[in-house]
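Only the coordinates and a few stated rules stand behind these numbers; no lab work does. Please read all numbers here as calculations on a predicted model, not as lab measurements. Glycine gets a Cβ as well: all are built from the backbone with ideal geometry, and neighbour counts include every protein chain shown.
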Ligand code: AMP
């Protein structure tokens with residue numbers, strides 16, 4: 001696979017971005033910036049900003065304002081070693097975030113990047129999100145619904161608070177509306193790669209590596 005300073009992973013919830021990011025990170029040493037995870041961590045911190053984020057993610061089920069997300073993304077990049085290749089998982093999700101990220105990438109001298117869009121039907125997304133679990137203690141996700149306990153710490157596996165049918169519907173709706181223009185903009189720039197996310201984890205990973213070769 002060719003080397004990229006950054007990879008931007010896009011796709012609706014459940015399209016496998018996170019799973020594929022972890023596979024690529026393990027094999028090629030990428031750091032993963034997972035937007036949802038950074039926001040959930042801030043929400044769990046109990047800070048006043050965290051309380052606001054918690055209400056947006058778990059109460060309203062909406063996107064967190066671009067300004068807040070931008071600051072957390074900047075903090076993440078400032079905390080990792082300069083030069084480490086990064087996968088942006090679910091950032092940007094809006095056109096404003098696309099412009100924010102362009103500014104951030106420039107600040108870090110990152111010009112060599114590609115955007116991967118994982119396609120998935122809404123029906124398959126709903127099925128996957130309803131069966132996905134995360135560890136109650138260490139928050140590690142699992143994409144294998146047959147697992148009985150967390151592989152990392154042995155903790156209990158639970159459904160994420162926002163993975164309920166109504167909340168999933170709402171998230172899928174804004175996901176299509178907000179992220180499609182971002183996908184279109186990256187296509188126009190000539191940096192977009194499309195991968196079929198409906199296949200098995202191994203098949204998707206093979207297609208991903210082939211298209212980044
Ligand atoms: P995810 O883990 O990707 O399903 O994201 C969980 C939640 O975090 C989403 O439903 C949003 O409320 C929020 N979120 C994730 N990514 C972003 C983003 N790029 N911009 C704003 N909010 C986000």
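I want the antiparallel fraction of DSSP beta bridges within the chain, as a percent rounded to 5.
DSSP beta bridges in the chain are roughly 20 percent antiparallel.
Stokes-Einstein at 25 °C, 0.890 mPa s, Kirkwood radius from Cα pairs: D for region 25-96 in µm² s⁻¹? The partial results should precede the final answer.
Details: Rh = 13.0 Å.
Value of D from the Cα-based Kirkwood radius: 189 µm²/s.
Can you classify region 7-133 as rounded, prolate or oblate using the Cα gyration tensor, where a ≥ b ≥ c are the square roots of its eigenvalues, rounded means a/c under 1.5, and otherwise it's prolate if a/b beats b/c and oblate if not?
oblate
Ignoring solvent entirely, what values of log10 I(q)/I(0) come out of the Debye formula for region 78-213 at 0.10, 0.18 Å⁻¹ when each Cα is a single scatterer?
Reported log10 I(q)/I(0), two decimals: -0.44, -1.28.
Please list, by residue number, everything in region 172-213 whose backbone N is under 13 Å from a paramagnetic label point 7 Å out along Cα→Cβ of residue 62.
The answer is 174.
Determine the shape class of region 152-202: with a ≥ b ≥ c the square roots of the Cα gyration tensor eigenvalues, call it rounded for a/c under 1.5, and otherwise prolate if a/b is greater than b/c, oblate otherwise.
Cα axes put region 152-202 in the oblate bin.
Between residue 26 and residue 106, how many nm apart are label points set 7 Å from Cα along the C-beta direction?
Placing both labels 7 Å along Cα→Cβ, they lie 3.8 nm apart.
Hey, rough spin-label estimate for residue 149 and residue 173, points 7 angstrom out along Cα→Cβ, what's it come to in nanometres?
A separation of 4.1 nm, rounded to one decimal place.
Per 0.36 nm of contour for each residue apart, how much would the distance between residue 96 and residue 44 grow if the chain were fully extended, relative to their Cα-Cα spacing?
Extra length available between residue 96 and residue 44 comes to 16.2 nm.
Given the Cα-Cα distance of residue 51 and residue 202 and 0.36 nm per residue of separation, how much length would full extension add, in nm?
Details: separation 151, 0.36 × 151 = 54.36 nm, distance 3.80 nm.
Gain on stretching residue 51 to residue 202: 50.6 nm.
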